1. Taking springs between alpha-carbon atoms closer than 10 angstrom, which of Glu159, Glu11, Glu111 fluctuates most in the Gaussian network model of the chain?
2. Return one whole number: the accessible area per residue of the chain in Å², for a 1.4 Å probe.
3. Quick check: at a probe of 1.4 Å, how many percent of the accessible area of the chain sits on carbon and sulfur atoms?
4. Taking springs between alpha-carbon atoms closer than 10 angstrom, which of Gln112, Gln193, Gln12 fluctuates most in the Gaussian network model of the chain?
5. Tell me the relative contact order for the chain as a rounded percent, counting alpha carbon contacts under 8 Å between residues six or more apart.
6. If packing is taken as the mean number of other Cβ atoms within 10 Å per residue, what is the order of 134-142, 119-127, 166-174, highest first?
7. If Asp40, Asp4 are ordered by their accessible area, calculated over protein heavy atoms with a 1.4 Å probe, which sequence runs from highest to lowest?
8. Using the crude model of +1 on Lys and Arg Cβ and -1 on Asp and Glu Cβ, and no other charge, please compute the dipole size for the chain relative to its Cα centre, in debye to 20.
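The values are calculated or read from the model by the stated rules, or taken from the named source; none is laboratory data. This structure is a prediction, so every number in the text was calculated from the model and none was measured. Cβ coordinates were reconstructed from backbone atoms using ideal geometry, including for glycine residues, and neighbour counts include every protein chain displayed. Remember, those area values only see protein heavy atoms, side chains included, never the ligands or the DNA or RNA. Shrake-Rupley method; radii C 1.70, N 1.55, O 1.52, S 1.80 Å.
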Amino acid sequence: DSEDAALIRREQMRYVLTQLYLMMALNIVNAIFMATSLADAVSPWLLGGWFTAIVLLSLVAVHARYRGRHRPLDRNTSKRSIRRLTVHSGIRGFIWGLAIALFFADARATEQLILASIAAGMLSGGTLALAAIPSAALAYGGCMMIPSIIRFAAMGTLEYFILAGFVLTFCGCLSLICAHFYRNFAGQLIARQAATEQAATISLLLNDYE
């Protein structure tokens with residue numbers, strides 16, 4: 001495992017963890033908005049179960065972050081943490097995707113608009129917030145996209161097939177943006193590390209010369 005790879009993993013985790021509290025707060029707030037909007041349109045047991053899952057998953061992430069707030073991001077910890085974060089992101093994305101899959105067909109037109117707007121915001125915001133870790137961003141976006149596309153396709157009309165295609169295209173665009181962000185992110189880290197090492201080497205040579 002190269003030093004550059006270890007450096008990138010540490011900074012990936014640092015980038016995401018600095019935003020984690022805000023990300024989880026937005027998950028809970030948007031879940032409240034969605035549950036309030038859909039309260040009269042869908043099964044309260046189904047809606048309550050979905051809402052509970054989002055809140056619990058967010059609180060688990062906040063609790064884990066709080067417990068590890070003073071833990072150093074060494075090479076091994078970062079590698080394990082990235083795997084855990086990828087799994088957590090996929091689960092969270094899937095639960096948001098289930099909101100479309102479970103509630104969209106039964107909602108009225110206004111509620112469908114609210115549901116789609118919140119889901120689109122969570123898809124774009126969550127994916128871009130995780131862009132420094134491509135595996136987590138893809139897990140989140142992909143797991144959120146699949147239930148949504150299945151629901152729209154299952155509704156069987158041309159309009160919903162077009163909407164499914166739009167979701168797929170939107171996710172593809174987000175993937176390209178995340179890939180571009182990661183290339184810049186990793187490139188800047190490696191360049192900064194190389195500059196630091198070069199400066200240290202020059203300083204050492206100057207000290208030897210003196």
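1. Looking only at Glu159, Glu11, Glu111, the biggest GNM fluctuation is shown by Glu159.
2. Numbers: 11740 Å² over 210 residues.
Result: 56 Å² of accessible area for each residue.
3. Numbers: 7900 of 11740 Å².
Within the chain, the accessible surface is 67 percent carbon and sulfur.
4. Highest fluctuation among the options: Gln193.
5. On the way: 195 pairs, mean separation 48.5, N = 210.
This gives 23 percent for the chain.
6. Numbers: 134-142: 22.9, 119-127: 19.1, 166-174: 15.8.
The packing order, highest mean first, is 134-142, 119-127, 166-174.
7. Numbers: Asp40 135, Asp4 65 Å².
Result, largest first: Asp40, Asp4.
8. Numbers: 17 positive and 12 negative charges, 107 e Å.
Result for the chain is approximately 520 debye, rounded to the nearest 20.
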